[in-house]
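One structure is given below, encoded as structure tokens.
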Amino acid sequence: LTIALLSDFGTRDVFVGVMKGVIAQIAPRARLIDLTHDIPPGDVRTAAFRLWQAGPFMPRGTIFLAVVDPGVGSERAAVAVSTDRFTCVGPDNGLFTYLLAQAGGARAVEIRSDAAQAERGSSTFHGRDIFAPAAARLASGAGLAELGPAVRELKRLAYPRLELLGQVTDPSSVRGEILLSDHFGNLITSIGVLRYTRDALRLEPWIPECPGTRLPLAGLAVRLGSMDIPIVRTYSDVPRGSPLAYVGSTGLLEVGVNGGRAIDLFQTVTGAEVLLRLAKQRG
Amino acid sequence: LTIALLSDFGTRDVFVGVMKGVIAQIAPRARLIDLTHDIPPGDVRTAAFRLWQAGPFMPRGTIFLAVVDPGVGSERAAVAVSTDRFTCVGPDNGLFTYLLAQAGGARAVEIRSDAAQAERGSSTFHGRDIFAPAAARLASGAGLAELGPAVRELKRLAYPRLELLGQVTDPSSVRGEILLSDHFGNLITSIGVLRYTRDALRLEPWIPECPGTRLPLAGLAVRLGSMDIPIVRTYSDVPRGSPLAYVGSTGLLEVGVNGGRAIDLFQTVTGAEVLLRLAKQRG
Amino acid sequence: LTIALLSDFGTRDVFVGVMKGVIAQIAPRARLIDLTHDIPPGDVRTAAFRLWQAGPFMPRGTIFLAVVDPGVGSERAAVAVSTDRFTCVGPDNGLFTYLLAQAGGARAVEIRSDAAQAERGSSTFHGRDIFAPAAARLASGAGLAELGPAVRELKRLAYPRLELLGQVTDPSSVRGEILLSDHFGNLITSIGVLRYTRDALRLEPWIPECPGTRLPLAGLAVRLGSMDIPIVRTYSDVPRGSPLAYVGSTGLLEVGVNGGRAIDLFQTVTGAEVLLRLAKQRG
């Protein structure tokens with residue numbers, strides 16, 4: 001069984017190694033895959049999005065052990081959530097909101113430490129004392145119910161901004177936002193796109209609020225700041241140094257620069273408005 | 001068997017991957033856990049502390065392969081040290097001082113390369129040529145004595161500063177120092193604390209020089225620079241932006257800032273004096 | 001079987017974790033070793049050199065899965081290359097040039113995605129959609145020919161600059177260049193050296209263009225910028241703060257500073273000329 005780890009612990013300290021040591025003692029045969037430990041400290045939303053990105057590519061049955069936990073030590077619960085495709089273990093702060101949208105049949109429990117464990121445990125490193133042991137117990141065969149009592153409602157993050165402008169049957173544009181950037185300086189938008197073909201672009205409902213619509217391609221452009229950016233297939237379809245919009249590897253529209261960094265060119269930040277302008281608007 | 005790796009090699013080069021390749025050839029079934037490879041270059045003391053932090057959470061029998069080695073190529077010995085709980089492999093420069101205090105029955109040998117190996121080996125990458133092969137041989141069943149002759153005395157680091165001020169039977173305060181910071185900017189002190197309860201704080205002898213005493217809680221505060229910092233259970237017990245002192249996940253007093261970074265607020269450095277002031281002092 | 005991964009994906013995103021998830025589904029028993037994911041974005045030459053460094057230390061049969069791919073989405077081919085010691089999977093952009101010089105009997109195929117896979121795949125993340133699945137299929141027993149049709153010619157990088165100056169039978173110096181720096185700020189040159197002994201230094205033909213010659217040691221020095229640097233065995237052979245040249249762990253002459261960083265002292269960049277001056281020149 002695979003345990004996929006994600007945190008904001010960084011790699012300078014031994015936090016991650018210690019969690020792996022704890023897991024190795026309880027579930028010595030589990031396969032561990034690091035998703036990332038470089039989530040900006042306390043940034044639950046970026047973490048939730050990263051989990052969403054990785055979800056479809058992990059083996060069936062993967063246990064996602066995610067710890068981005070600005071509320072550690074406060075009253076937020078520790079939870080484990082099981083679905084028909086994977087299981088999540090971490091703090092109940094919305095971390096799994098987008099990932100859980102990928103699967104059905106979610107059942108959640110609150111992880112209860114026994115008294116002895118709670119006595120020994122620290123108030124600041126639940127990754128080591130609560131989440132890693134719970135994930136490891138599940139990986140070695142424990143049932144969800146053994147971890148604690150059922151939970152009715154989980155905390156949820158808001159979905160990213162995404163709306164059709166104009167008439168519903170004949171929209172003029174789609175308004176989204178910049179979700180985050182990647183290592184190459186590309187800007188990832190909230191606009192989900194199923195496929196970009198010769199003459200159309202099909203919006204993909206990657207989140208419940210996202211419209212699923214087929215749009216004629218002619219004249220389509222992405223507007224970010226004061227710039228209109230052409231939608232193309234890949235970097236080399238525009239000259240070096242020029243911006244482009246394209247369907248990224250997770251099915252979201254992204255803005256990049258061929259041979260450069262969009263985040264530097266646009267000086268933009270997470271949350272900035274981005275418009276997908278439809279053909280008519282120009283006519 | 002688990003080999004836990006720690007070094008100052010960083011992750012930009014292929015040093016760490018090459019050590020793992022060497023291990024895989026000798027001990028293909030060993031489980032590898034990276035503790036960290038981001039120790040500041042040559043900082044043996046930070047490395048020693050990180051090993052101490054990880055020690056209690058690694059599986060019994062773990063082989064700690066640690067390479068922070070400012071004296072590579074000079075006359076310092078290569079050693080392997082076996083205890084009743086784990087084994088250490090690395091340069092004899094004090095790296096294992098604090099970790100070894102966690103276990104009993106230490107026996108040490110000097111790792112001798114055979115002549116052919118020494119001829120092939122480099123003078124600057126003992127991690128690849130000496131330490132990784134030795135750790136892998138131990139992981140695949142070799143006995144300590146097969147690596148080389150017994151060593152009587154190991155190099156040792158000094159223990160961090162930690163002393164009771166005032167009368168022994170009635171101390172007025174505890175003087176320690178800032179050991180290092182973590183990824184979140186928290187400052188970790190040398191003051192060991194077993195447990196912080198409603199009405200008392202029990203000092204924990206984490207190192208031999210550390211006093212083991214039960215102190216009344218009333219009026220306790222940590223003094224760092226010119227600031228008195230309240231001792232609380234966790235971040236959310238103080239307002240956002242305020243400093244707090246708390247028992248960290250390894251049982252040492254730490255100084256943090258709720259929603260912020262103590263290292264930025266205090267502009268302090270490793271080695272700075274920190275005082276745990278006891279109640280009477282205020283009376 | 002071992003899959004050794006190298007990329008310029010960084011560790012902030014989940015790109016690497018996603019590749020590992022894909023591999024785990026196809027080849028659940030493969031051992032994964034990360035060489036590095038911190039290659040400067042798009043820097044194929046540095047990546048090629050890192051692969052060359054790691055090559056000799058990986059288990060026989062290792063599959064090198066390397067993705068540094070500034071031309072992703074353009075017409076460059078995806079290739080798999082099998083030799084008598086290892087296999088390479090990645091873009092056909094010269095990435096494996098130096099690594100392949102370490103082995104014989106190379107056979108290459110172009111990786112062809114089937115139509116369904118190509119339809120689903122993204123235009124920007126071939127690591128996930130093409131290279132990781134191909135490496136995993138090879139690791140789980142597929143033959144090279146199952147991936148696609150044979151390729152006659154692979155793209156190749158130029159070899160680093162390296163030439164003997166003066167008369168061939170009696171050279172006055174060797175001219176090379178700075179290839180790259182490492183985590184410790186050492187500068188790695190293109191001058192290959194088999195072994196440095198008491199009275200001679202034997203140049204090693206690490207690349208075909210490199211001369212293989214035995215040079216008398218007396219008066220030898222490395223010239224970088226305007227400074228003559230003594231050739232010694234290891235850091236501690238020069239005073240703290242002084243530069244030194246030495247045979248690095250991969251058999252190339254390196255320039256370092258005892259207790260310091262050569263890259264800061266020399267303010268030099270990749271490609272800078274370095275001269276190995278022979279004794280006579282001084283007479």
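The values are calculated or read from the model by the stated rules, or taken from the named source; none is laboratory data. Source: prediction; values computed, not measured. Here the Cβ is made from the backbone with ideal geometry for all residues, glycine too, and neighbour counts use every protein chain on show. The accessibility values were calculated without ligands, DNA or RNA, using every heavy atom of the protein model including side chains. Shrake-Rupley method; radii C 1.70, N 1.55, O 1.52, S 1.80 Å.
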Largest first, how would B:264, B:92 line up by accessible area (1.4 Å probe)? B:264, B:92
Between the helical axis of C:15-26 and the dominant principal axis of chain C, each derived from Cα atoms, what acute angle in degrees is found, rounded to the nearest 10? 50
Sorted shortest first, the nm distances from the residue A:110 label point (7 Å along Cα→Cβ) to its counterparts in the other copies are 6.1, 6.1
Dipole magnitude (debye, nearest 20) for the protein assembly as shown, charges at Cβ of Lys, Arg, Asp, Glu: 860
Calculate what fraction, in whole %, of the accessible area of chain C sits on carbon and sulfur atoms when a 1.4 Å probe is rolled over the protein chains. 50
Chains A and B together, accessible area buried on both sides, 1.4 angstrom probe, square angstrom: 2400
Smallest Cβ-to-axis distance in chain C, for the rotation taking C to B: which residue, how many Å? C:11, 4
Of the lysine pairs in the protein assembly as shown, how many meet both conditions: Cα atoms under 30 Å apart, and a spacing of 8 or more in sequence or different chains? 9
Rh_Kirkwood(chain C) over Cα pairs, Å, one decimal, evaluates to 20.3
From the label point of residue C:28, set 7 Å along Cα to the beta carbon, how far off in nm is each other copy's matching point, shortest first? 2.0, 2.0
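Send over a whole-number figure in Å² for the accessible area per residue of the protein assembly as shown, probe 1.4 Å.
On a per-residue basis, 40 Å².
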What does DSSP give for the protein assembly as shown in terms of the percent of beta bridges that are antiparallel, rounded to the nearest 5? 75
Most mobile listed residue (C:176, C:127, C:166) in chain C, GNM with C-alpha springs under 10 Å: C:166
Where the label is 7 Å out from Cα toward Cβ, how close does residue A:145 come to the same position in every other copy, in nm, shortest first? 5.6, 5.6
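May I ask for the longest run of chain A untouched by GluC sites (Glu not before Pro) that are loop-located per DSSP and have at most 11 neighbouring C-beta atoms (other than their own) within 10 Å?
Numbers: sites that count: A:75, A:153.
Free of exposed loop sites, the longest segment is A:154-283.
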Hey, what did the range C:225-283 get for relative contact order, percent, Cα under 8 Å, at least 6 apart? 26
Choose one answer from A:11, A:268, A:62: the residue with the largest mean-square fluctuation in a GNM of chain A with alpha-carbon springs under 10 Å. A:11
Charges on Cβ only, +1 for Lys and Arg, -1 for Asp and Glu, centred on the Cα centroid of the protein assembly as shown; of A:108, C:14, C:268, which one is farthest towards the dipole's positive end? A:108
Degrees separating the helix C:44-54 axis from the principal Cα axis of chain C, which is the longest one: 80
